[in-house]
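Q: Before we start, here is the structure in question, set down as structure tokens.
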Amino acid sequence: MVIGASGQIGSELVVELRKIYGQDNVWGTDIKTPPADVANEGPFQVMDVMDDKQLIHFVIRHKITQIYHLAAVLSGNAEKLPIQAWNINMDSLMNILEVARMVEDVKKVFWPSSIAVFGPTTPRISTPQLTTMEPITVYGISKLAGERWCDYYYNKYGVDVRSIRYPGLISYKTEAGGGTTDYAVEIFYEAIRNGSYASFLKEGTALPMLFMPDAIKATIDLMEAERSRLTIHSSYNLGGFSTTPEEMAEKIKKHIPEFTISYQPDFRQEIAESWPKSVDDTIARMDWGYETQYDLEKMTRIMISEVRKKINP
Ligand code: AKB
């Protein structure tokens, strides 16, 4: 069962999981309308993860064995409505952890954390797995608290909950919404639509990024890994590649020579400056064989061609 199946990660994860487990065996759920393939090529249910009663009935009725809980309010949006974002991010996770604790059929849970768990006092280059964590955003605080709860449910109740600290995710199927790393997706749409992009992050703002196929593979690999190999029960650091708005613009110019970028930093600049520029993911590589296939150049080539097809079908 994938909660958040209409979102940026969920809409791609459902399709991959259905290839592995069979189309009829992967439920997508969301409060939003999903893309056509998620809705039509397997079971889909409109459901609000905040409704704990509906959730537990659904999980029991459909004999759910694995839950991927991807619904969340991202960093930028969470700053606009802090209390609502905190409630959504925390209550939904607690609903899932409780269901996993109570329902015997549920064997594994996946919950995404983020580089947002780090803050300005964290070393920003090659950020270690274990380090100072003083996030300055509501989203980051909720992810750090969530990590502690995941670790608690593992140690106290034996709930097999697995997690990744995602960097910025770049993809073309479903647009992200309300994150600080969203510029790295928007830039492609604007480059193709208008030949220019006004970045809400300044020149020189480096952040770790991951192309969606690598993120999906990592997520499934972690969930398929033997439990005994896993040494982290909070959330695994995951690196990807580190890039800046101007480096992305340079790569885009190779495909669209007239493309120009300008800079209009907003409140998300401060958030980005509190996050790592690059992340040390040695433990994920050692524990469950994490590796990536896409760098900035390869990702750019695919994004340009896929976003072009979307905009001019
Ligand atoms: C965001 O920018 O809020 C997310 C994240 C890094 O978790 N993409």
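Q: Using a 1.4 angstrom probe with every protein chain in place, what is the largest-first accessible-area order of Glu297, Glu258, Glu147, Glu104?
A: On the way: Glu297 90, Glu258 125, Glu147 0, Glu104 155 Å².
These residues rank, largest area first, as Glu104, Glu258, Glu297, Glu147.
Q: What residue among Leu207, Leu81, Leu55 has the largest mean-square fluctuation in a Gaussian network model of the chain, using Cα springs under 10 Å?
A: Largest GNM mean-square fluctuation: Leu81.
Q: Got a sec to turn the phi values of segment 82-96 into Karplus ³J(HN,Hα) couplings, 6.51 cos²θ - 1.76 cosθ + 1.60 with θ = phi - 60°, whole Hz, x for Gly and Pro?
A: x, 5, 4, 5, 4, 4, 5, 5, 7, 5, 5, 5, 5, 4, 5
Q: Now for a separate question. Leaving out ligands and nucleic acids, and using a 1.4 Å probe, what accessible area per residue does the chain come to in Å²?
A: For the chain, the solvent-accessible area averages 43 Å² per residue.
Q: Right, something else. At a probe radius of 1.4 Å, what is the per-residue accessible area of Met50, in Å² to the nearest 10?
A: The accessible area comes out at roughly 70 Å².
Q: Measure nothing but the geometry: give the 0 to 90° angle between the long axis through the Cα atoms of 296-311 and the longest principal axis through the Cα atoms of the chain, rounded to 10°.
A: For 296-311 against the chain, the angle is about 90 degrees.
Q: If I compute solvent accessible area with a 1.4 Å probe over the protein chains, what percent of it on segment 76-133 is carbon and sulfur?
A: Details: 1510 of 2590 Å².
Percent of accessible area from carbon and sulfur atoms in segment 76-133: 58.
Q: Rounded to the nearest 10 degrees, what's the angle between the helix 138-157 long axis and the longest principal axis of the chain, both from Cα atoms, 0 to 90?
A: Long axis of 138-157 versus the principal axis of the chain: about 30 degrees.
Q: Give Lys19/Lys108; Lys19/Lys253; Lys107/Lys310; Lys80/Lys253 a once-over and call out the pairs whose C-alpha atoms are over 28 Å from each other.
A: Working: Lys19/Lys108 19 Å; Lys19/Lys253 36 Å; Lys107/Lys310 38 Å; Lys80/Lys253 34 Å.
Table pairs above 28 Å Cα-Cα are Lys19/Lys253; Lys107/Lys310; Lys80/Lys253.
Q: Okay, next question. With every protein chain kept in the model, how would you rank His255, His233 by accessible area, 1.4 Å probe, largest at the top? Before the final figure, lay out the partial values.
A: Numbers: His255 70, His233 30 Å².
Heavy-atom accessible area, descending, gives His255, His233.
Q: Then there is this: Just to be sure I follow the rule: in segment 139-251, considering lysines 8 or more places apart or on different chains, how many pairs have Cα atoms under 29 Å apart?
A: 9
Q: Still on this structure, I have one more. Quick one: which residues, 5 or more positions from Glu134 or on another chain, have an amide H under 5 Å from its amide H? H modelled 1.01 Å from N in the peptide plane, none for Pro or chain starts.
A: The list, which skips near neighbours in sequence, is Gly119, Thr121, Thr122.
Q: Using only helices, what value at 222 nm comes out for the chain when you add -39,500 (n - 2.57) per DSSP H run of length 4 or more and divide by the total residues, to the nearest 500 deg cm²/dmol? Don't jump to the answer; show the numbers that get you there.
A: Details: 12 runs with 137 residues, N = 313.
That comes out to -13500 deg cm²/dmol.
The values are calculated or read from the model by the stated rules, or taken from the named source; none is laboratory data. Here the structure is a predicted model, which is why all the values come from computation and not from measurement. Areas reflect the complete protein model, heavy atoms only, side chains present, ligands, DNA and RNA absent. Shrake-Rupley method; radii C 1.70, N 1.55, O 1.52, S 1.80 Å.
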